[in-house]
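*Asks:* Sharing a structure here in structure tokens format.
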Amino acid sequence: MAHESLEEAISKLASTPEVIREVFARLDAGKLRSKPNSSLFSPLEDMWHLRDIEAEGYLTRIKRILAEDMPVLEDLDGDRMAVDRRYNELELAPAIAGFVGARAESLALLKGLPTEAWLRSAYFANRVIDLRTLIDMMVDHDQGHLSSIEGVYVTSIAA
């Protein structure tokens, strides 16, 4: 179910790259690779996760929902990706640039879609979703990881 209007959701998705830049500009550089605990991502890992899930997850899912009838969408294992790709050993700038580029592609696909396109469906994570639901998932995903990154930032200010 939609948490907000479609226009508000798209606006949030469009503003996320700027919010990310602002958050990382304020982040204590010494906290970039710090993990609040072993089960959570560091801010750098959060950023690479956002990049990879946008590029390989959401962008691909949008394309497939728009092009195919009832595609079965892959549910990516973000934790496994972080370990396999060694996110915490990578640099920040390429993650941000990659996210910004992939998000721009996602938004370009969504711009000006007719009403019926938002009702196109797919199988994802053992259920049927439509494109509108996927947009809500993207907003929630962004907000969760931004909160995680900002949590490290707030902790670093208090320390």
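What follows is calculated from the coordinates using simple rules that are stated; it is not laboratory data. Computed from a prediction, not measured in an experiment: that's the story for all the values here. Neighbour counts are summed over all protein chains in view; Cβ atoms, including those assigned to glycine, are modelled from backbone coordinates with ideal geometry.
*Asks:* Which net charge results when you count Lys and Arg as +1 and Asp and Glu as -1 among the other residues whose beta-carbon is under 13 Å from that of Asn126? If you can, show how the numbers build up before the last one.
*Replies:* Values: positive: Arg127; negative: Glu74, Asp75.
Every neighbour counted, the sum reads -1.
*Asks:* Could you calculate the FRET efficiency of Asn126 with Arg85 from 1/(1 + (r/R0)^6), where r is the beta carbon distance between them and R0 is 30 Å, rounded to 0.05?
*Replies:* Details: r = 26 Å, r/R0 = 0.85.
For R0 = 30 Å, the calculated efficiency reads 0.70.
*Asks:* Before rounding to the nearest 500, sum -39500 (n - 2.57) across all DSSP H runs of length at least 4 in the chain and divide by the residue total; then give [θ] at 222 nm in deg cm²/dmol.
*Replies:* Working: 6 runs with 94 residues, N = 159.
Theoretical 222 nm ellipticity from helices: -19500 deg cm²/dmol.
*Asks:* Separate question: Choose one of Thr60, Ser106, Met47: the residue whose Cα lies farthest towards the positive end of the charge dipole of the chain (beta-carbon charges +1 Lys, Arg; -1 Asp, Glu; about the Cα centre).
*Replies:* Of the options given, the answer is Met47.
*Asks:* How high is the relative contact order of the range 6-158, in percent, counting Cα pairs under 8 Å that sit 6 or more residues apart?
*Replies:* On the way: 162 pairs, mean separation 55.9, N = 153.
37 percent.
*Asks:* Can you tell me how much longer the chain between Ser15 and Leu119 gets when fully stretched, taken as 0.36 nm per residue apart minus their C-alpha distance, in nm with one decimal?
*Replies:* Extending this stretch completely gives an extra 35.0 nm.
*Asks:* Among Tyr123, Tyr87, which comes first, second and so on when ranked by fewest other beta-carbon atoms within 10 Å?
*Replies:* Tyr123, Tyr87
*Asks:* Suppose R0 equals 25 Å; then what is the FRET efficiency for Glu8 and Ala104 from their Cβ-Cβ distance, rounded to the nearest 0.05? Working shown, then result.
*Replies:* Working: r = 19 Å, r/R0 = 0.76.
Using R0 = 25 Å, I get an efficiency of 0.85.
*Asks:* With no solvent and one equal point scatterer per Cα, compute the Debye intensity ratio I(q)/I(0) for the range 79-124 at 0.14, 0.17, 0.21, 0.24 Å⁻¹ and report its log10, rounded to two decimals.
*Replies:* -0.59, -0.73, -0.84, -0.90
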